[in-house]
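Following: one structure in structure tokens, then a few remarks.
The values are calculated or read from the model by the stated rules, or taken from the named source; none is laboratory data. Predicted model only: the values in this text are computed from it and were never measured. When we count neighbours, we look across all protein chains shown, and the Cβ atoms used for this are built from the backbone with ideal geometry, even at glycine.
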Amino acid sequence: MTDAPLSHSGDVSPDAWSGVHRGPLRAGEWVRLVDGKGRKHNFELVPGKRFFSNKGHLEHDELIGREEGFAVTSSVGGEYLVFRPLLSEFVVSMPRGAAVVYPKDSAQIIAMADIFPGAHVVEAGVGSGALTCSLLRAVGPHGRVSSYERREEFADVARRNVTQFFGGDHPAWALTLGDLAEELPASGERCDRIILDMLAPWDCLEAAADALLPGGIVCAYVATTTQLSKFVEAVRVHGGFTEPAPWESLVRDWHVEGLAVRPGHKMIGHTAFLVTARRMAPGERAPLKKRRPAPGAYGPDYTGPRPPGVPETPAAD
Ligand SMILES: C[S@@+](CC[C@H](N)C(=O)[O-])C[C@H]1O[C@@H](n2cnc3c(N)ncnc32)[C@H](O)[C@@H]1O
């Protein structure tokens, strides 16, 4: 069976601010070429320009005007697949200032922190702007993403990446230079969701609690177990949130070929831990956990903050 000609209703509406285009590839757009070994090359289409690799060259003009999803052959016989990059591909290939939130975790954040069209989301730090792109996609042009970043050089990288992905200044995005713990209270912003991706998210908990609307969600993304412990205990001690839910996700691909159906050799194992908790209404406190902590959990060696109802343990002799 041959493929029927595609019928499409033109480009995606620019009002959607999706960062996606349909239709023939245009000059000024980014494309992603993948060779037979899976090597990827991303570049902007410029009329008259040549793309060079260890497999010779290709004229950009050979690509411009074609519907994405085709194979081309370079001057010395290298084969490449040509598509527009997906958001998940863009964020792992764009220039980086700080480490990015990987797509598997952005997906978890969007789902588990319940980011919705029209939401008002606060995030810090903006780093390279990877998570920002996913948040803006999810809230859409009628929502708002307020990003805080305390390092100017990272804010500049993020601004370039986000603007490149969406093809202009996204109307729902505001980027503030400074520390969230100081700038968020000063702004008077109230929000539905707060995402903290930084070394010390507990330092921003008070500001987050004051800005979150009742029922809102705080979500932290932390790389180490010590950060995870400190943040979870800080949320418990604060008292204005529900019991924090910590987790991580592991993604394993599969090799499927004839009778050889088995897990792939590589997997995306640890990237970071996620924690979410919901904001209680003003003056309300979540009921204390009925289950007692595991023996020794807050024993003499524990030095962090103690949740309400957990007594000090006398030091062992
Ligand atoms: C790991 S990066 C964030 C990566 C980003 N989420 C992304 O997906 O590209 C952490 C960033 O948080 C910033 N940062 C740390 N503490 C901060 C704070 N209290 N307020 C604002 N930014 C902060 C750092 O400067 C750094 O750029």
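Can you find a residue in segment 74-90 that is under 30 Å from Ala209 (Cβ atoms), under 13 Å from the mean Cα position of the chain (by Cα) and of a type outside the set (Asp, Glu)? Looking for residues that are under 30 Å from Ala209 (Cβ atoms), under 13 Å from the mean Cα position of the chain (by Cα) and of a type outside the set (Asp, Glu), one finds none in segment 74-90, hence no. Working only within segment 129-162, note down all residues that are touching a helix residue (DSSP H, G or I) at 6+ places or on another chain (Cβ under 7 Å), under 17 Å from Ser93 (Cβ atoms) and of a type in the set (A, V, I, L, M, F, W, C). Scanning segment 129-162 gives Ala130, Leu131, Cys133, Ala158, Val162. Gly168 passes all but one of (1) away from the ligand (no atom under 14 Å from the Cβ); (2) crowded, with 17+ Cβ neighbours inside 10 Å; (3) without any contact (Cβ under 8 Å) to a residue 40 or more places away in the chain; which number fails? Single failed check for Gly168: (2). Looking at segment 49-65, can you tell me whether even one residue there is farther than 18 Å from Gly168 by Cα, surrounded by 14 or more Cβ atoms within 10 Å (Cβ to Cβ), of a type in the set (A, V, I, L, M, F, W, C) and in contact with a helix residue (DSSP H, G or I) (Cβ under 6 Å, 6 or more places away or on another chain)? So far as segment 49-65 goes, no, none of its residues is farther than 18 Å from Gly168 by Cα, surrounded by 14 or more Cβ atoms within 10 Å (Cβ to Cβ), of a type in the set (A, V, I, L, M, F, W, C) and in contact with a helix residue (DSSP H, G or I) (Cβ under 6 Å, 6 or more places away or on another chain). Can you find, within segment 153-165, the residue that is farthest from the ligand (Cβ to nearest atom) among those that are hydrophobic (A, V, I, L, M, F, W, C) and closer than 23 Å to Cys191 by Cβ? The qualifying residue farthest from the ligand (Cβ to nearest atom) is Phe165. Could you go through segment 224-238 and let me know if any residue there is assigned to a loop (DSSP other than H, G, I, E, B), over 23 Å from Pro103 (Cβ atoms) and not aromatic (Phe, Trp, Tyr). No, that holds for no residue. Looking only at residues of segment 140-152 that are charged (D, E, K, R) and either in a loop (DSSP other than H, G, I, E, B) or more than 9 Å from the ligand (Cβ to nearest atom) (or both), we find that the one that is nearest to Pro14 (Cα to Cα) is Arg144. Close Cβ contacts (under 8 Å, 6 or more residues apart or on different chains) running from residues in segment 250-265 that are among the acidic types (Asp, Glu) to residues that are surrounded by 10 or more Cβ atoms within 10 Å (Cβ to Cβ) comprise Asp253/Pro263; Asp253/Gly264; Asp253/Met267. From the set of residues in segment 14-37 that are in the same structural domain as Ala71 (by TED's automatic domain parsing) and within 13 Å of Glu89 (Cα to Cα), which is surrounded by the most Cβ atoms within 10 Å (Cβ to Cβ)? Only one residue fits best here, namely Leu33. Here the condition is being in a strand (DSSP E or B) and either surrounded by fewer than 17 Cβ atoms within 10 Å (Cβ to Cβ) or touching a Gly at 6+ places or on another chain (Cβ under 9 Å) (or both); of His270, His265, it holds for His265 alone. Can you work out which of the residues in segment 177-207 that are touching a residue at least 60 places away in the same chain (Cβ under 8 Å) and more than 12 Å from the ligand (Cβ to nearest atom) is nearest to Cys219 (Cα to Cα)? The residue in question is Arg193. Of the helices (runs of 4 or more DSSP H) lying entirely inside segment 26-139, those containing at least 2 residues that are touching a residue at least 60 places away in the same chain (Cβ under 8 Å) span 87-93, 103-112, 130-139.
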